1. Does region 38-49 contain any residue that is at pLDDT below 95 and surrounded by fewer than 14 Cβ atoms within 10 Å (Cβ to Cβ)?
2. Among the candidates LEU88, LEU105, single out the residue that is touching a Cys at 6+ places or on another chain (Cβ under 9 Å) and among the aliphatic types (A, V, I, L, M).
3. Within region 44-76, count every residue that is acidic (Asp, Glu), under 14 Å from the mean Cα position of the chain (by Cα) and over 12 Å from SER112 (Cβ atoms).
4. Run down ILE119, ILE73 and say which single residue is touching a residue at least 60 places away in the same chain (Cβ under 8 Å) and either at negative phi or of a type in the set (Phe, Trp, Tyr) (or both).
5. Which of the residues that make up region 96-114 are in contact with a Lys or Arg (Cβ under 8 Å, 6 or more places away or on another chain) and surrounded by 20 or more Cβ atoms within 10 Å (Cβ to Cβ)?
6. Can you tell me which residue in region 51-95 is surrounded by the most Cβ atoms within 10 Å (Cβ to Cβ), limited to those that are among the β-branched types (Val, Ile, Thr) and farther than 26 Å from LEU120 by Cα?
Amino acid sequence: MRCARGLCLAALAASLLSGSARAQDRTAQLRSLFDQQTSAVEKAKLMPRLGEAQFRDARKEIAAGHLPEAAAILAQYRAEAQLCAKGLETAGVDAEKHPAGFKQLQISLRESLRRLNEILVGLPADDQPPFLAVRKDLDELNRRLISKLFPRQPVDDSPGRTKD
């Protein structure tokens with residue numbers, strides 16, 4: 001009975017390790033696919049999946065106590081998002097009329113900001129600065145994309161409303 005239990009534990013440990021390796025392989029595959037794309041729209045369409053994979057990897061690094069590695073992963077996501085946004089903007093496409101790429105990138109940014117907020121809550125204040133810097137840049141990029149996707153937002157000048 002003890003041998004069977006030990007064998008089960010060994011199999012479970014191997015399964016968890018191979019799952020971690022598969023997750024890293026998945027991130028590498030997505031990053032490779034991202035790098036191969038020549039179209040900014042296609043790169044942007046990959047961002048939700050790539051962002052999810054990168055945040056999963058960053059959470060694993062944080063859980064292991066490797067905060068600089070986690071911050072580097074998130075900085076890489078920021079660079080990829082900025083690259084996508086720049087490519088979409090230089091293409092001269094009206095995001096309001098043709099949102100392909102803009103929409104997917106904005107969705108990825110919104111989810112990434114949510115994930116980053118969850119990460120920040122669990123970090124001591126001394127460890128937050130590199131993560132806060134990434135969050136600030138992602139938030140600015142997200143706001144810029146929203147204004148491109150929805151340029152004709154009504155202004156609410158009702159009494160009692162404070163302007164942000």
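The values are calculated or read from the model by the stated rules, or taken from the named source; none is laboratory data. Please read all numbers here as calculations on a predicted model, not as lab measurements. All Cβ positions, even for glycine, are placed from backbone atoms using ideal geometry, and neighbour counts span all protein chains on display.
1. So far as region 38-49 goes, yes, one or more of its residues are at pLDDT below 95 and surrounded by fewer than 14 Cβ atoms within 10 Å (Cβ to Cβ).
2. Details: LEU88 fails: touching a Cys at 6+ places or on another chain (Cβ under 9 Å).
The conditions single out LEU105.
3. Counting residues in region 44-76 that are acidic (Asp, Glu), under 14 Å from the mean Cα position of the chain (by Cα) and over 12 Å from SER112 (Cβ atoms) gives 1.
4. On the way: ILE73 fails: touching a residue at least 60 places away in the same chain (Cβ under 8 Å).
Answer to the selection: ILE119.
5. Keep residues of region 96-114 that are in contact with a Lys or Arg (Cβ under 8 Å, 6 or more places away or on another chain), which gives 96, 100-102, 104, 113.
Within region 96-114, GLY101, PHE102, GLN104 qualify.
6. Going residue by residue through region 51-95, those that are among the β-branched types (Val, Ile, Thr) are 62, 73, 90, 93.
Okay, now just the ones that are also farther than 26 Å from LEU120 by Cα, so 90, 93.
Details: THR90: 9, VAL93: 17.
Only one residue fits best here, namely VAL93.
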